[in-house]
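These notes are about the structure you will find just below.
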Amino acid sequence: MPNAWMLGPLGVTVALTLGEVSLSAIPTWLFKHGATLDRVLARLGIRAESLRTSPRFIGMVCLSVALAMLGSALCAWGLAVLGSVPVSTMVLATAPGGMAEMCVTAKVLQLGVPSSRQPM
């Protein structure tokens with residue numbers, strides 16, 4: 001299974017969340033330092049000369065990102081209307097990006113990580 005090391009912990013987290021098991025949160029100082037280190041390491045891999053030598057590639061990447069954002073925003077709006085869910089929650093749920101980025105964004109926007117279940 002290609003993503004067993006990600007899907008296993010994700011499955012455990014889903015089970016704990018559905019079982020309404022509340023574990024303690026990561027300390028705020030550790031969360032902030034980890035996010036900063038993640039951004040620094042991501043920027044170390046990009047060199048200025050590589051950006052100058054590939055303008056067509058960069059243009060296509062920008063177009064691809066713009067289309068992905070537009071598509072996810074349209075899906076989020078449609079799902080929010082159909083499901084009576086706040087648009088901000090659905091935009092985050094359908095946004096292109098990794099789980100780490102979405103968790104950071106949800107924490108900053110105070111949307112809850114993971115989002116809480118609403119009573120029916």
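The values are calculated or read from the model by the stated rules, or taken from the named source; none is laboratory data. Predicted model, so just to flag it, every value in this text is computed and none were measured. Using ideal geometry, Cβ is built from the backbone for each residue, glycine included, and neighbour counts are taken over all protein chains shown. Calculation scope for accessible area: heavy atoms of the full protein, side chains included, ligands and nucleic acids excluded. Shrake-Rupley method; radii C 1.70, N 1.55, O 1.52, S 1.80 Å.
Could you run through region 74-96 and say how many residues are free of Cβ contacts under 8 Å to residues at least 24 places away in the same chain, open to solvent by 50 Å² or more (accessible area, probe 1.4 Å) and in contact with a helix residue (DSSP H, G or I) (Cβ under 8 Å, 6 or more places away or on another chain)?
Residues flagged as free of Cβ contacts under 8 Å to residues at least 24 places away in the same chain, open to solvent by 50 Å² or more (accessible area, probe 1.4 Å) and in contact with a helix residue (DSSP H, G or I) (Cβ under 8 Å, 6 or more places away or on another chain) within region 74-96 amount to 7.
So Arg39 passes all but one of these: (1) basic (Lys, Arg); (2) at pLDDT 80 or above; (3) under 17 Å from Met99 (Cβ atoms). Which condition number does it fail?
If we test Arg39 against (1) basic (Lys, Arg); (2) at pLDDT 80 or above; (3) under 17 Å from Met99 (Cβ atoms), just (2) comes out false.
Can you name the residue in region 97-114 that is among the small types (Gly, Ala, Ser) and open to solvent by less than 50 Å² (accessible area, probe 1.4 Å) and is also modelled with the lowest pLDDT among such residues?
Of all residues in region 97-114, those among the small types (Gly, Ala, Ser) come to 97-98, 100, 106, 112.
In the following step, the residues that additionally are open to solvent by less than 50 Å² (accessible area, probe 1.4 Å) were identified as 98, 106, 112.
Details: Gly98: 75, Ala106: 78, Gly112: 60.
For region 97-114, the residue satisfying everything is Gly112.
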